[in-house]
Amino acid sequence: MLLEVEGLCVNYGHIEAIRDISFGVPEGTVTTLIGANGAGKTTTLKTVSGLRKVRAGTIRFEGKDITAMSPYDRVKLGISQSPEGRGCFVGMTVRENLDMGAFLRKDRKTAAYREDIDRVFTLFPRLQEREKQTAGSMSGGEQQMLAIGRALMARPRLVLLDEPSMGLAPKLIQQIFSIITEINEQGTTVLLVEQNAAQALKRSHEAHILETGEIVRSGTGAELAGDDAVKAAYLGGD
Ligand code: ATP
């Protein structure tokens with residue numbers, strides 16, 4: 001397992017947002033958390049990246065206990081997040097945003113760095129066309145691409161994607177999901193949070209269903225996509 005979450009509990013004041021969840025993300029997979037609004041998906045990702053503190057439980061990355069580690073040190077270890085709501089630096093250009101994603105890297109003048117920029121531009125040609133445009137002047141979909149590209153610039157072992165398809169037109173949703181598969185095939189492990197369950201399950205090796213802070217079902221993407229209860233609750237019954 002690249003990432004192991006065990007007995008995780010997270011509170012906001014006395015609201016128990018996450019209650020004793022355990023799951024793993026095997027290296028090389030796309031692993032997905034599905035759930036309705038408020039189920040605790042974003043909280044789980046924020047806790048993995050270190051932005052929220054745990055009340056109880058353990059998070060391990062490559063077997064190492066990172067539960068008390070700062071977000072900064074987690075990025076150094078190879079965990080990077082593309083946040084919900086995009087979170088681009090709106091006053092900065094596309095290129096500057098990508099450079100921010102690599103803030104811990106000391107190799108910015110090297111061919112390896114250029115290769116990573118090129119990788120992002122190959123995944124998202126639209127970003128290359130708009131390299132010098134400010135993020136704030138780009139469309140929602142373009143900013144979503146930029147947020148993912150920026151997360152990749154840290155050269156993560158594990159990338160956390162929080163609702164990458166949110167608010168996008170159907171055609172762009174397809175494109176974002178294809179890109180997630182491509183990122184994974186290039187060797188990056190993905191922990192994905194999605195409300196678009198049908199698309200996400202299709203592309204996931206493993207998935208977990210979160211309901212009010214608890215994992216209620218786990219299986220392969222195909223198992224869950226074929227499950228009647230999951231279909232009724234999350235796939236519009238088809
Ligand atoms: P969505 O799909 O709507 O983004 P989610 O599954 O990501 O939902 P979370 O954002 O993790 O859910 O929220 C889980 C629970 O924690 C919800 O009940 C939410 O109201 C609560 N919560 C989240 N953030 C805070 C906060 N900053 N302060 C208080 N409660 C919070």
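The values are calculated or read from the model by the stated rules, or taken from the named source; none is laboratory data. What you are looking at is a predicted structure, and each value in this text was computed from that prediction instead of being measured. Heads up, the Cβs are rebuilt from the backbone with ideal geometry, glycines too, and the neighbour counts pull from every protein chain shown.
Mind counting the residues in region 159-194 that are over 25 Å from A36 (Cβ atoms) and assigned to a strand (DSSP E or B)?
1
Is it the case that V10 is within 14 Å of the ligand (Cβ to nearest atom) and either not β-branched (V, I, T) or not in a helix (DSSP H, G or I) (or both)?
Considered against the rule, which asks whether it is within 14 Å of the ligand (Cβ to nearest atom) and either not β-branched (V, I, T) or not in a helix (DSSP H, G or I) (or both), V10 comes out as yes.
Please go through region 53-89 and give me each residue that is of a type in the set (K, R) and crowded, with 19+ Cβ neighbours inside 10 Å, ordered by number.
R74, R86
If E163 satisfies all but one of (1) within 13 Å of the ligand (Cβ to nearest atom); (2) at pLDDT below 90, what's the number of the condition it fails?
(2)
Just name the residue that is nearest to M69 (Cα to Cα) out of those in region 13-48 that are among the polar types (S, T, N, Q) and away from the ligand (no atom under 13 Å from the Cβ).
S22
Would a scan of region 148-155 turn up a residue that is in a helix (DSSP H, G or I), small (G, A, S) and within 16 Å of R86 (Cα to Cα)?
Scanning region 148-155 turns up at least one residue that is in a helix (DSSP H, G or I), small (G, A, S) and within 16 Å of R86 (Cα to Cα).
Just to be sure, is S204 in the same structural domain as T43 (by the TED database), surrounded by 23 or more Cβ atoms within 10 Å (Cβ to Cβ) and touching a residue at least 24 places away in the same chain (Cβ under 8 Å)?
Taking the combined requirement at face value, the residue satisfies it.
Would a scan of region 41-60 turn up a residue that is under 23 Å from T181 (Cβ atoms) and not assigned by the TED database to the domain that holds L201?
The answer is no; no qualifying residue exists.
Picking from L224, L210, which residue would you name as being within 23 Å of E6 (Cα to Cα), of a type outside the set (D, E) and within 16 Å of the ligand (Cβ to nearest atom)?
Residue meeting the stated conditions: L210.
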